[in-house]
Every structure is written in structure tokens, then in C-alpha cells.
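What follows is a single structure, written as C-alpha cells, with notes after it.
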Amino acid sequence: MKCRDLPAVLATVLTATLLAAPLTAAEADTGPTRLFDGKSLAGWHVTGCAVRVQDGAILLDSGNGLVRSDQQYGDFILDLDWKNLNPQMWDSGVFFRCELPPDGRPWPKDYQVNLRKGMEGNVQNLKGASSQGLVKPGEWNHFKLTVIGDTAALEINGRPAWKATGVARPKGYIALQAEVPGGGQFLFRNVEISLPGSVK
């Protein structure tokens, strides 16, 4: 080998090494991670409502309040199952990138994936975030919510529901809304979150 060829060879070897190197923790996805362990409310903060763990699920038992994550999240993929227990009328919600509720109020303003009868999956104040006919009332339903930058997308029971832009708040809490007096009891289980590699 001629000496003048050595730089080219070294460059080729270095490039191959970098391409073969595994992703670092910051570059790789970090999920899924269980937000709810199926046994306790560790990692959650409860305000204004009575909540308990029943058969591996979070039961929103009574009151108007919130069950929110201890940690705030920016970009994420959230998977969860939910079931309404009132066969006549149901109303709850899943907040994302939300702030703490204003003083004297049980819930924050937004963003909320609605679980109200006939509005399941819709997000008020987010244009285009609506769908119909994808849920099974009184049965377990699966939501997959993806929030990246200012864009959010929802799948309901494995089917695309909507994709919308305009999410202004860069990060916030994930929370379950208890609205039991008017909306009945709800169950939530298999609550998991994945953090894309862009999350720092």
C-alpha cells in the first residue's frame, strides 16, 4: 500500500465504524414504559376525586378531579385502554401537554382527548381533531396518541382517527379526567408511553 492511499483507507474505515455503531440513549427510542404499573398509583398525583386500582386498572370512582402524571412530557406516543361503566351517559377525558388546573377549577383547559358520549377521541381547540364511529361503548377501547412538535395524531382501536397541527404548548402533564357525577365511572389500563429519540 502506498502512503498516499492511507488517508483514504482510514476515512473509509472510520465511516464504516460510525455507520455500524449503535444509537446512543439520546438517539434511540426509550419506550414503551409503563406509566401505570397495574398495582398502585405510583407516578401519579390525584386531586379532587376518589381513585383506586381494581383488577389491574385505574378506576375513577367518584368526584370531579384529575389523575395526572408526576412528570411532564413533550414528544411522546401514549397507548392506553379505557372503558366506560355507565351505559347511559359517559364523560371523561385524557389530557396531554396540559398545565395544572386554574385555582378553583377541577381540570385544566386543554389539551383534552374527549371521552364524552358521541365525542370520543375529539380534541376541542385543535382544528381537524375529530372522528366518529370508531369506539365500542361499554367495552375496552384502545387509544394510541402520538404527539410530535406541534402535530398530534390519534388511532382508535387500531384505526386512524385524525391528524392535526396546532399544538402550541411544548410540554405538559398527561392526565385522566374524573367527571363521575355527570359522566360516570371509567376504567383505564395498559397505560404506556414511548419517547422518540428527539426527546432530550
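Worth a mention:
- Over 24 Å apart at the Cα level, from the set Lys109/Lys171; Lys39/Lys109; Lys117/Lys163; Lys127/Lys171; Lys83/Lys127, are Lys39/Lys109; Lys83/Lys127.
- Ordering of 89-97, 178-186 by packing [mean C-beta count within 10 Å, highest first]: 89-97, 178-186
- Per residue, the average separation of C-alpha pairs within less than 8 Å and at least 6 apart gives the range 75-200 a relative contact order of 39 percent.
- Sorting 37-45, 147-155 by average packing, meaning the other beta carbons within 10 Å per residue, from highest down gives 147-155, 37-45.
- Between Ser62 and Ala50, the built amide H atoms are under 5 Å apart, and every one of these is 5 or more places off in sequence or on another chain.
Any read-out appearing in this document is the output of simple, stated calculations on the displayed coordinates, not a laboratory observation. Just so it is clear, the model here is predicted, and its values are computed rather than measured. Counting neighbours? That spans all protein chains shown, and the Cβs are built from the backbone with ideal geometry, glycine included.
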